[in-house]
Structures are given as structure tokens and as C-alpha cells.
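**Student:** Quick one: the structure is below, questions incoming.
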Amino acid sequence: MLKKLLAIDKKLLIMIGVFVGIIVSVVTVKTFAYTDSADFCQSCHIMTNVYESHGDSTHAKLACSDCHLPHETLAGKLVFKAKSGIGHVYYNTLGSEKIPEVLLTTEDSKKAVNQNCINCHESTLDNVSHDAKDSCSSCHQAIPHGKGFKTEDFYKPPKSGELLDTKGGTMNNG
């Protein structure tokens, strides 16, 4: 077998190698792009209302991964994505009876989301005081997912002095 392989013209082997490399690269890039998309994320039934609410928001043109995955390094993003994916596969197959009614982000995901908010809205942060907040979502939790994700308190008028006490947002004391 090795003798037959060595007998093939080296130029042909290089061309075959380059062609296979191009195919593998394209498939890999397309796969990563698809698994970053909202269409892929909503393919699990548990994500239907999340997907629909995101489509009604001001962030509808963003991919899920734009907000929910870290972007410091490609390796970090892929490891985070793999860990998250393993959890999602578990819940949607073996642990489907344990799927919670309300999806809550993990601490690592909260950090990634908050950092991505800061990265995209850095110019706003430079112009508006946000010093009293724990995270972007402590005040803006309904922004990326629009209708259906606003808490009951969002629709209530503020009590007298409430905005001054919290500097325009809600405080997360625990």
C-alpha cells in the first residue's frame, strides 16, 4: 500500500492534499458559522420562546454567539461553546425531564454576556454613568430578548425616589 502511494506522482499528491484541505476548511467554517446562528440554537424545542423574543428585539440581527460566547480568543470561544453544547445535548436527550421552566445563565455565561455588552457599547459607557450596577443585565435584562423577557417590575411605574436610590436602574442585592 505504501509503495503504491509513493509511486503516485508527487504533484498529484500535493494537489489532492490541497483539495482535501480546502474542502475540510470550508466544511469546518460553514459548520462553525451555522452552529453560531439563531436558527441552530432554536432547533431545540426549549429555545423556541427565546428565539422568538430575540427576533422581536433591537439585537435581532446578532447571532446568539455574538452575545453568549467569549471572544477574547478563538480557542477560548471553542472550549466555552463545547462545554455549553455538551450541557445542551444532555438536557435535550438524557435529562429532558430536568429541563427547567425558566432558563438561567451560568456564572461563566453571565460574565461572557456582560463583557460582550461592554465591548459593543463601550462608547455609551464612556458617556453615561454606570458605576452602581453589578452587570449590564441588572438593568437591561429585557433588551436582547424583547417581549416576553421583561419582568413584572418593568411595567410598573417607579416609586417616589426609587430612580435616585438606584441611579436609574435596579440594584441586585443578592
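The values are calculated or read from the model by the stated rules, or taken from the named source; none is laboratory data. The shown structure was predicted, so the numbers you read here are calculated from the model rather than taken from an experiment. Don't worry about glycine lacking a Cβ; one is built from the backbone with ideal geometry, like all the others, and counts go over all protein chains shown.
**Student:** Return yes or no: is ASP131 out of contact with any Leu (no Cβ under 7 Å at 6 or more places or on another chain), modelled with pLDDT of 85 or more and not hydrophobic (A, V, I, L, M, F, W, C)?
**Tutor:** Criteria not met by ASP131.
**Student:** Is it the case that ILE118 is at pLDDT 75 or above, farther than 24 Å from ASP56 by Cα and either touching a Leu at 6+ places or on another chain (Cβ under 9 Å) or loosely packed, with under 11 Cβ neighbours inside 10 Å (or both)?
**Tutor:** no
**Student:** Is there a residue being surrounded by fewer than 15 Cβ atoms within 10 Å (Cβ to Cβ), free of Cβ contacts under 8 Å to residues at least 60 places away in the same chain and aromatic (Phe, Trp, Tyr) anywhere in region 34-44?
**Tutor:** Checked region 34-44: at least one residue is surrounded by fewer than 15 Cβ atoms within 10 Å (Cβ to Cβ), free of Cβ contacts under 8 Å to residues at least 60 places away in the same chain and aromatic (Phe, Trp, Tyr).
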